[in-house]
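One structure below.
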Amino acid sequence: MSVSQQVFLRDAMRRLNLTRDVFAVRIGVKRRALDTWLLPEGSQEARNMPEVVSRFVTEIVENEALLEKYAQSAQSGPLRDRISYNGKHQLLSVDQFTRESVEELFRIADQMQPIARRQKVSRVLEGAVLGNLFFEASTRTRVSFGAAFCRLGGSVCDTTGFTFSSMAKGESIYDTSRVMSGYVDALVIRHPERGSVAEFADATNIPVINGGDGAGEHPSQALLDLYTILTEFSRLGKLLDGAHIAMVGDLKYGRTVHSLIKLLALYRDLKFTLVAPKGLEMPDYILEQAGKRGHVIEQTSSLEQGLVGADVVYATRVQKERFADEQLEGYTADFQVNKAIVDRCGRSDAIIMHPLPRDSREGAHDLGVDLNHDPRLAIFRQADNGIPVRMAIFAVLLGVEGLVQHSLRDVTWSPPSHIGPDDSVFHGID
Ligand code: ASP
């Protein structure tokens with residue numbers, strides 16, 4: 001304890017707003033004992049408070065502070081108003097979040113877990129229709145947003161690519177957005193131009209979610225990444241404040257890392273090691289934003305050096321489809337996050353993440369498949385977390401998060417206890 005026992009106890013009573021009598025009852029000790037712990041150190045009657053009492057008091061005070069925080073957020077109105085974009089219930093960027101609001105979203109995601117794990121069903125979005133407009137390749141984001149909406153009882157209409165949409169006939173973003181808004185209740189949009197999803201959002205009042213706008217942002221991916229880090233850390237007994245995060249690969253065009261570093265920067269005292277080949281470093285405008293809170297940011301092109309000491313290794317794919325004049329030359333032949341390098345340079349309790357897809361072809365500068373049996377590899381747990389987190393996003397933006405708990409019913413079918421044959425034991429759905 002850095003302060004004296006008397007200061008500690010007085011401070012606790014003040015914070016809890018309790019009298020000595022009530023405080024003694026609250027912590028389960030005799031009033032007489034409390035009095036002796038509160039006496040000035042030199043006095044004859046003074047006694048030392050047992051360690052177990054001090055831990056208990058700390059816990060009570062911390063709990064109280066948390067409850068207060070929850071009460072404050074409940075008073076400050078629905079989450080969707082607090083994270084709104086230009087006053088609308090839309091999700092364009094992680095900049096819309098504070099640490100408190102992101103953790104509130106994760107409490108809702110936690111409530112969604114029994115549905116995501118196929119133990120319960122809910123119909124809170126019955127009758128609602130989602131429009132999934134994907135003008136760029138996607139598997140996970142499109143299907144998991146669709147599945148998340150369906151698991152809340154809604155249904156989904158999809159369009160993929162420009163070829164089969166009227167944009168190929170010269171239709172503007174404004175017209176497309178307004179027309180679609182007459183048909184559906186929410187839109188998820190992916191588009192190759194940075195800033196384009198915001199244009200869709202400006203042309204409608206229905207919820208719009210950015211499913212990736214060129215090399216700009218991918219907020220839902222960053223949210224599920226952060227949710228994964230917190231979940232994995234809680235299993236490992238680690239705190240995110242003070243952690244060391246390594247981001248590896250094409251940090252120039254990788255929109256997932258652009259969103260993730262800004263979101264992580266909401267936490268305290270982080271160390272970021274950014275490992276990118278020459279020419280593919282993280283853009284300055286993102287570094288400036290993430291660096292504002294005093295985190296340590298180091299940059300290197302050496303993979304070996306970059307992995308040392310990292311609690312999280314976040315690998316990314318080369319975004320070749322966005323290359324202008326860049327060549328792959330910046331990558332050395334051995335630039336691959338594989339078992340050998342992780343065993344040699346990484347921590348034994350590191351978690352290895354990737355937004356996926358990974359390029360699994362031989363010689364690819366990406367995440368190796370030889371880590372598939374390694375419990376540190378969190379990529380499938382990460383992808384699975386896309387469902388509860390995206391369900392939480394829909395529930396919040398459509399204002400039904402308060403209805404979920406009472407809407408739960410048991411499922412009628414029985415899913416396997418582990419989804420994947422190689423899943424780690426702690427990754428069961430039961
Ligand atoms: N799926 C992610 C994205 O859409 C990552 C990637 O494609 O490499 O940005």
- Message: Could you give the length gained by full extension between SER424 and ARG293, i.e. 0.36 nm per residue of separation minus their alpha carbon distance, to one decimal place?
- Response: 43.6 nm
- Among TYR331, GLY216, HIS365 the positive-end extreme of the charge dipole of the chain (Cβ point charges): GLY216
- Note on the structure: In Å, the Kirkwood hydrodynamic radius from C-alpha pairs for region 164-209 sits at 10.7
- Message: Given R₀ = 56 Å, what would the calculated FRET efficiency be for ALA33 paired with SER84, taking r from the Cβ atoms and rounding to 0.05?
- Response: 0.60
- Query: To the nearest 10 degrees, how steeply does helix 219-236 sit against the main Cα axis of the chain, on a 0 to 90 scale?
  - Reply: 40
- When the chain is treated as a GNM, springs tying every alpha-carbon pair under 10 Å, which of ILE393, ILE60, ILE261 comes out with the largest mean-square fluctuation? ILE60
- With no solvent and one equal point scatterer per Cα, compute the Debye intensity ratio I(q)/I(0) for the chain at 0.08, 0.09, 0.10, 0.14 Å⁻¹ and report its log10, rounded to two decimals. -0.53, -0.66, -0.79, -1.30
- Item | Whole-number Å³ per residue for the convex hull built on Cα positions in region 260-384 | 119
- Identify which of ASP35, ASP370, ASP334 has the largest mean-square fluctuation in a Gaussian network model of the chain, with springs joining Cα atoms closer than 10 Å. ASP35
- For the modelled label position 7 Å from the Cα of ARG55 along Cα-to-Cβ, which residues of region 1-44 have backbone nitrogen atoms closer than 16 Å? 1
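For PRO40, what is the net charge nearby, where nearby means another residue's Cβ is under 14 Å from its Cβ and Lys, Arg count +1, Asp, Glu -1? Walk me through the numbers on the way to the answer.
Details: positive: ARG10, ARG47; negative: ASP35, GLU41, GLU45.
Here the count lands on -1.
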- Query: Helix 386-397: angle to the longest alpha-carbon principal axis of the chain, degrees 0 to 90, nearest 10?
  - Reply: 80
- Item | Taking the chain and dividing mean pair separation by its residue count, relative contact order in percent (alpha carbons under 8 Å, at least six apart) | 16
- Query: Among ASN372, ASN205, ASN86, which one shows the biggest mean-square fluctuation in a GNM of the chain, springs joining Cα atoms closer than 10 Å?
  - Reply: ASN86
- Message: Using only the alpha-carbon atoms of region 325-393 as identical scatterers, what base-10 log of I(q)/I(0) does the Debye formula give at q = 0.27, 0.29 Å⁻¹?
- Response: -1.24, -1.35
- Say a paramagnetic label sat at a point 7 Å from the Cα of SER4, along Cα to Cβ; which residues of region 34-61 have their backbone N under 15 Å from it? 36-49
- Helix 99-116: angle to the longest alpha-carbon principal axis of the chain, degrees 0 to 90, nearest 10? 70
- Item | Dipole in debye (nearest 20) - the chain, about Cα centre, beta carbon charges: Lys, Arg +1; Asp, Glu -1 | 1200
- Query: Relative contact order of region 338-430: what whole-number percent is it, with Cα pairs under 8 angstrom and at least 6 residues apart?
  - Reply: 23
- Here, ARG15 and SER348, labelled 7 Å along Cα→Cβ, have an inter-label distance in nm of 3.5
- Based on Cα positions only, what radius of gyration and what Dmax would you give for region 214-323, in angstroms? 13.0, 40
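Read the figures in this text as sums done on the coordinates, not as results from a lab. For clarity, every value in this text was computed on a predicted model and none was experimentally measured. Methodologically, a virtual Cβ is constructed for each residue, glycine included, from the backbone with ideal geometry; neighbour enumeration extends over all protein chains shown.
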